[in-house]
1. As an exercise, take the mean of 1/r over every pair of distinct alpha carbons in the chain, invert it, and state the Kirkwood radius in angstroms.
2. How much length is gained on full extension from residue 95 to residue 125, taking 0.36 nm per residue of separation minus their Cα-Cα distance?
3. When the Kirkwood radius is taken over all Cα pairs of the stretch 27-167, what Stokes-Einstein diffusion coefficient follows at 20 °C and 1.002 mPa s, in µm²/s?
4. Helix-only estimate, please: 222 nm mean residue ellipticity of the chain, summing -39500 (n - 2.57) across DSSP H runs of length 4 or more and dividing by its residues, to the nearest 500.
5. About the Cα centre of the chain, how large is the charge dipole given +1 on each Lys and Arg Cβ and -1 on each Asp and Glu Cβ? Please answer in debye to the nearest 20.
6. Distance between Cα centroids, the stretch 160-208 to the stretch 49-114: provide it in whole Å.
7. Computed FRET efficiency, Cβ-Cβ of residue 291 and residue 40, R0 41 Å: what is it to the nearest 0.05?
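What follows is calculated from the coordinates using simple rules that are stated; it is not laboratory data. Note that this is a predicted model, so its numbers are computed, not measured. With ideal geometry, Cβ positions are generated from the backbone for all residues, glycine too; neighbour counts draw on all protein chains shown.
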Amino acid sequence: MSTILEPEQIQGSSIALPFLHLPPADVFALRAARLELLAEGHPLADYLRLIAGLCHVQHDLLQQPPSRHSLDPQRLRLCQEHGLPPLAADSLVRDEGWQPYLDALLMRYQAPAQQPVQNAIATLHNANAGQRKAWAIALLSGQFAAVPVALVPFLGAALQAAWTHWLLSIPTHDLKPGDSLSQCPACGSPAMAGVIRHRGKYNGLRYLVCSLCACEWHAVRVKCIYCELSKGLKYVSVDDDRHAVEHAPLRAEVCPNCNSYLKLLYLEDDAEAEALSADLTSLMLDMRLDIEGYQRLAPNLLLAPGGE
Ligand code: FE
Ligand code: FE
């Protein structure tokens, strides 16, 4: 019996793997471009273009942050000393620091004329800071049902822009792994998807992409990121995919042990692919796995589950 070694195993522990892969400064512009491309002929084209519009605003927010609010250096240092996520979402969401991002997003976004979009913007615009905070806490803790569906993409986009800004501006990225494989070492949020990288020192390694701050962290392949078992894992791609599953750029790693799955993006099979856009354009795969009884634990903050 032959054993297939993963790149991580071949390289051994003597070579330090890069634990983090930071998002580029144009991560949101890349997402927007990719969504616009994939929207062509897609059944959810209108929704994908709306999200692309939000990603353009996110890019603008990253280029021109609306707030001079910077994170408390003392707090950052304490987190560093104790190996805690320096941008812990569950506590920072309770501060006011992200709210200017929502105000600026609502101001800078050129909303299409559709009434539901206009209503969502007006609702967020008129909500006070306490209400916004309550919705944001619910969204970031996975309580999607407590947030009106139409508000999710706008709220999620503002939160992502704030956290990615903070991620790219903290003084050190010497971060420790979270308590669970699925947890972002920078902000503690759950992974949205995984990416199998294909270039340079990252070649063949799996990185998990944070649903909030877009930080990527290394996680060994062929292991369920939720229950950490490898036995029985299977890989599935969408039915109408042009590729055989072993060459499909997007595959779900399905775990029969904990009944959950995670989408993985193989850059070797599509070098231009990007996690958030790949996730939003492959909801057929989620529907299929849902019917088969598997649960999705990876949030996408621009989409309420069951909403669209
Ligand atoms: Fe994060
Ligand atoms: Fe599992």
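1. On the way: mean 1/r = 0.0501 Å⁻¹.
Value: 20.0 Å, from the Cα pair sum.
2. Values: separation 30, 0.36 × 30 = 10.80 nm, distance 1.85 nm.
Extending this stretch completely gives an extra 8.9 nm.
3. Numbers: Rh = 16.0 Å.
Rounded to a whole number, D works out at 134 µm²/s.
4. On the way: 11 runs with 118 residues, N = 308.
My calculation for the chain gives -11500 deg cm²/dmol from helical runs alone.
5. Details: 24 positive and 32 negative charges, 116 e Å.
Dipole about the Cα centre, nearest 20: 560 debye.
6. The stretch 160-208 and the stretch 49-114 have Cα centres separated by 16 Å.
7. On the way: r = 27 Å, r/R0 = 0.66.
Step by step, r from the Cβ atoms, then E = 0.90.
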